[in-house]
Amino acid sequence: MAIDEAALDTLFREARTHNKWRDVAVSDETLRALYDLLKWGPTSANSSPARYLFIRSRDAKERLKPALSPGNVEKTMAAPVTAVVAYEPKFYDHLPRLFPHNQEARSWFEPNEAFAQETAFRNGTLQGAYLIMAARAIGLDCGPMSGFDKAKVDDEFFAYRGWKSNFLCNLGYGDPEGIFPRSPRLDFEEACEVL
């Protein structure tokens, strides 16, 4: 069943990357609703390797600041929340619970670190996209970005957990003044092939 045109506009056609933010807090309840929606997106073997650190307090933002590229500092410090979209390299430890119909699934990954890393990164990135779509669906605006020192973020926030950062996504209620004009996209013939 297709969703309506207004929903498609919200999720894709009129959705924009935000760089300026209104001074409106994002509640714990909203962050929980966000996760409770995005968690249903599919991943390989239901591996669900993504982990999310929601940085909201001023102290936590100051800890993040040294890892940011200069062009990302102002907008990130102003955003109500910055999500660090990360992944758990040993995601396979959860497979007996997350993929219960095959209790051998852990053995696909545990002895092969390169395969586990590739799976974690790919599926964690996919879950990061679900975060963006779910955020838009519940009325939040997003500002996804690279432009940060992953090693610094991992050392500062994930050393005791072993998570690995992937990308950042500012979340909140965007100020339309911070939106750039819409950039073009590739046409079907440039980006797609049907065999």
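Below are the figures for this structure:
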{"read-out": "For Pro42: the one exception among (1) farther than 20 Å from Asp141 by Cα; (2) surrounded by 18 or more Cβ atoms within 10 Å (Cβ to Cβ); (3) within 16 Å of the chain's Cα centre (by Cα)", "value": "(2)"}
{"read-out": "In segment 123-133, the residues that are closer than 18 Å to His18 by Cβ and touching a Phe, Trp or Tyr at 6+ places or on another chain (Cβ under 8 Å)", "value": "Gly128, Leu131"}
{"read-out": "Residue under evaluation Leu98, criteria (1) under 14 Å from Ala50 (Cβ atoms); (2) crowded, with 18+ Cβ neighbours inside 10 Å; (3) not basic (Lys, Arg), criterion not met", "value": "(2)"}
{"read-out": "Total residues in segment 130-169, condition part of a helix (DSSP H, G or I) and either over 26 Å from Ala7 (Cα atoms) or touching a residue at least 60 places away in the same chain (Cβ under 8 Å) (or both)", "value": "16"}
{"read-out": "Criterion violated by Glu110 - all others in (1) surrounded by 17 or more Cβ atoms within 10 Å (Cβ to Cβ); (2) under 14 Å from Pro49 (Cβ atoms); (3) without any contact (Cβ under 8 Å) to a residue 60 or more places away in the chain satisfied", "value": "(1)"}
{"read-out": "Residue identified as part of a loop (DSSP other than H, G, I, E, B), of a type outside the set (S, T, N, Q) and either in contact (Cβ under 8 Å) with a residue 12 or more places away in the chain or closer than 23 Å to Gly178 by Cα (or both) among Ala25, Ala83", "value": "Ala25"}
{"read-out": "Unmet requirement for Met1, which otherwise passes all of (1) modelled with pLDDT of 95 or more; (2) not in a helix (DSSP H, G or I)", "value": "(1)"}
{"read-out": "Number of the condition not met by Asn19 [criteria: (1) closer than 21 Å to Gln127 by Cβ; (2) in a loop (DSSP other than H, G, I, E, B); (3) in contact (Cβ under 8 Å) with a residue 60 or more places away in the chain; (4) not aromatic (Phe, Trp, Tyr)]", "value": "(1)"}
{"read-out": "Residue within segment 118-127 that is surrounded by 18 or more Cβ atoms within 10 Å (Cβ to Cβ), modelled with pLDDT of 95 or more and acidic (Asp, Glu) present", "value": "no"}
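The values are calculated or read from the model by the stated rules, or taken from the named source; none is laboratory data. Computed from a prediction, not measured in an experiment: that's the story for all the values here. Positions of Cβ are backbone-derived with ideal geometry, glycine not excepted, and every protein chain shown enters the neighbour counts.
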